[in-house]
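Only one structure is covered here, and it is reproduced in the block below.
Bear in mind these aren't lab numbers, they're just calculated from the coordinates by the rules spelled out. This structure is a prediction, so every number in the text was calculated from the model and none was measured. A quick note on method: Cβ atoms are made from the backbone with ideal geometry, for glycine too, and the neighbour counts reach across all protein chains shown.
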Amino acid sequence: MKSKLASPLKSMEQGQLEQPLAHQQPPQHEMGFSLLTLIGFLFLTFNSVMALYRSDRDIPTIAFVVFSYVDLVLLFYCLRLFERTPPESPRRHHIKTAVWLLTAMLTAVFSYKVAAIMPFPVKVLVWAMAGATVLGGFYTFFLHSEQKKPNEVT
C-alpha cells in the first residue's frame, strides 16, 4: 500500500521540478506592471498630494514630501530594472548602486525628520540605526555578494 501512495506523490514532485520557475511570471498589463502595483502607486501619489495640501505652504515640508515621493518612484523603477536585467549583465551593478544610493538617501531623510522631534539620546540612537542600516546595505549589496561561497568551484 505504501508503494501505491509513494508513486503518485513522487511523479507529482518530478512534474513540479520539471517546470521552470524562472519563466513563470504573474499576469501583467500591457504597460508591464500589475494591478497591485498600480494601486500602490496611486495610494502613494494620493498620500503625497494630501501631505502637500496639508503642509500649509511650509517649504521644508514640501521639499521633504516631494523628495520622498521622487526617491520612492525612482527606487521602484530601479528595482524593476534590476529584476528585468539578466544576471550576467554589467548594467546590473550600476542599477544595484543606484538602488543602494536611493535607499540610503531615503533612510537619511526619514532619520533626519524623526531625529528632529526626539531628545538627544534618542537622536543618537536613530542616527546609529540609520548608519547601521546604510552600512549593512552596502556590505550586503557590494561586499558580501561578491565573496565566493564555500561550495563554488573556481
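Taking amide H positions as modeled 1.01 Å from N, with prolines and chain starts lacking one, no residue 5 or more places away or on another chain lies under 5 Å from PHE33. In this label model, THR140 and SER89 are separated by 2.3 nm, measuring between points 7 Å along each Cα→Cβ vector.
Its Cα centre serving as origin, the range 33-144 has a Cβ charge dipole (Lys and Arg +1, Asp and Glu -1) of approximately 100 debye.
At a Förster distance of 30 Å, what's the computed FRET efficiency of LYS96 paired with LEU125, Cβ-Cβ distance as r, to 0.05? About 0.55, to the nearest 0.05. Calculated FRET efficiency, PHE33 to LEU106, Cβ-Cβ distance, R0 = 22 Å: about 0.60 to the nearest 0.05. Of the trypsin sites (Lys or Arg not before Pro) found in the range 36-132, the ones in coil according to DSSP and having at most 11 other Cβ atoms within 10 Å of their Cβ are ARG57.
Extension gain for the segment ALA51 to VAL66, taken as residue separation times 0.36 nm less the Cα-Cα distance, is 4.4 nm to one decimal.
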